[in-house]
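Colleague: Pasting a structure below so you can have a look.
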Amino acid sequence: MRAMLRLENLGVATMFNCNKSWCQRHLSLSVLLFASIIAIPDVDAGVFDACFSPSEYQAISAVKLKVRADTRASDMGICYDAAVCLARSEKALSKQQVTYLLAAMKNEPGVRYTREYRQLMGVSLDVNDLSPVLNLDEVTESGFVNFQETFENQNMIHTGYIQVTSDGETFFYHANGHTGDTFLMRGDAEMPVQAGRTNRYLLTPDKLGKFNLWLESRRLRIHYTPVSEVSANITAGMRLAL
């Protein structure tokens, strides 16, 4: 018996004649093959393909940021490199913005935190304008935390990153901040979670208290800058440079 079959649901408008049993068997195999092709998951979905690839910012979970950061650990050098890479891993800064920001760190030979970097971060040159504590009521989105000493030369000495997750949790990340880790880990039975080359801390009331004790004990002040503000400052700087 001959049969006339038309493959329409698969997006194929081919008409052909065939033996019914043979055609049914091979049509079933074709359907399964097609279904398997369209059902193959993107193995990179949620896994960052590169620390510097363009996309749009949207709050993500701490788990997803860790996965992305782990795949790009080699891009995390000293503290501010790691913080910038985390912002890029959240897709809060574009590749061009990251390049511009890192270049701003190097345009004054011998100066670790340049005037332009401070401007992009909105950090005042007057240490008295900085905060002696981290107040989570002021943290509305992911952003950078820059640390400055209040004694002697009043140097800016450290940069960390705060993530506000899609679940509304707030985490602090930093690299190469051993003194801070000593305070933040006090009384903890376990080591902090690592995300790339950074240590991650959930800012519970207890952990926030340890964070602020670190600032008080080491005579530090901080400035938190929302990542959207940093992005806007970089974009303005890039336009002026044209």
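The values are calculated or read from the model by the stated rules, or taken from the named source; none is laboratory data. Remember, predicted model here, so these are calculated numbers, not experimental data. Note that we place each Cβ from the backbone using ideal geometry, even for glycine, and neighbour counts take in every protein chain shown. Only protein heavy atoms, including side chains, enter the accessible area calculation; ligands, DNA and RNA are left aside. Shrake-Rupley method; radii C 1.70, N 1.55, O 1.52, S 1.80 Å.
Colleague: Inside the stretch 60-80, can you point out the residues that are closer than 14 Å to ASN199 by Cα and part of a helix (DSSP H, G or I)? Break it down stepwise before answering.
Modeller: So in the stretch 60-80, the residues closer than 14 Å to ASN199 by Cα come out as 62-63, 65-67, 69-70, 73, 76-80.
Listed by number, the residues that qualify are ALA62, VAL63, LEU65, LYS66, VAL67, ALA69, ASP70, ALA73, CYS79, TYR80.
Colleague: Which pairs do you get when a residue that is over 19 Å from VAL145 (Cα atoms), found in the stretch 84-112, comes within reach of a residue that is of a type in the set (A, V, I, L, M), reach meaning Cβ atoms under 8 angstrom, with the pair 6+ apart or on two chains?
Modeller: Listed by first residue and then by second, the contacts come to GLN96/MET238.
Colleague: What number of residues in the stretch 142-153 are surrounded by fewer than 16 Cβ atoms within 10 Å (Cβ to Cβ) and in contact with a helix residue (DSSP H, G or I) (Cβ under 8 Å, 6 or more places away or on another chain)?
Modeller: The number of residues fulfilling the criteria is 1.
Colleague: Also, quick follow-up: For the stretch 124-138, give me each residue that is part of a loop (DSSP other than H, G, I, E, B), out of contact with any helix residue (DSSP H, G or I) (no Cβ under 8 Å at 6 or more places or on another chain) and aliphatic (A, V, I, L, M).
Modeller: LEU130
Colleague: Return the pair list, or none, for Cβ contacts closer than 9 Å from residues in the stretch 220-233 that are more than 18 Å from HIS158 (Cβ to Cβ) to residues that are part of a helix (DSSP H, G or I), at least 6 apart or on different chains.
Modeller: Within 9 Å, the pairs are GLU229/MET121; SER231/ALA87; SER231/GLN97; ASN233/GLN119; ASN233/LEU120; ASN233/MET121.
Colleague: Then there's this: Looking at LEU242, LEU213, LEU202, can you tell me which residue is under 19 Å from THR99 (Cβ atoms), open to solvent by 20 Å² or more (accessible area, probe 1.4 Å) and either at pLDDT 95 or above or not hydroxyl-bearing (Ser, Thr, Tyr) (or both)?
Modeller: Exactly one residue qualifies, and that residue is LEU242.
Colleague: Please count how many residues of the stretch 98-119 are in a helix (DSSP H, G or I) and surrounded by fewer than 24 Cβ atoms within 10 Å (Cβ to Cβ).
Modeller: The qualifying residues number 11.
Colleague: Could you list, ordered by first residue, the pairs with Cβ atoms under 7 Å in which the first is in the stretch 44-70 and within 22 Å of ARG200 (Cβ to Cβ) and among the β-branched types (Val, Ile, Thr) and the second is open to solvent by 50 Å² or more (accessible area, probe 1.4 Å) and at pLDDT 95 or above, at least 6 apart or interchain?
Modeller: VAL47/VAL67; ILE60/SER166
Colleague: Return the pairs, sorted by first residue and then second, in which the second residue is charged (D, E, K, R) and in a strand (DSSP E or B), the first residue lies in the stretch 156-185 and is within 14 Å of LEU86 (Cβ to Cβ) and open to solvent by less than 10 Å² (accessible area, probe 1.4 Å), the beta carbons are less than 8 Å apart, and the residues are 6+ apart or on different chains.
Modeller: PHE172/ARG200; TYR173/ARG200
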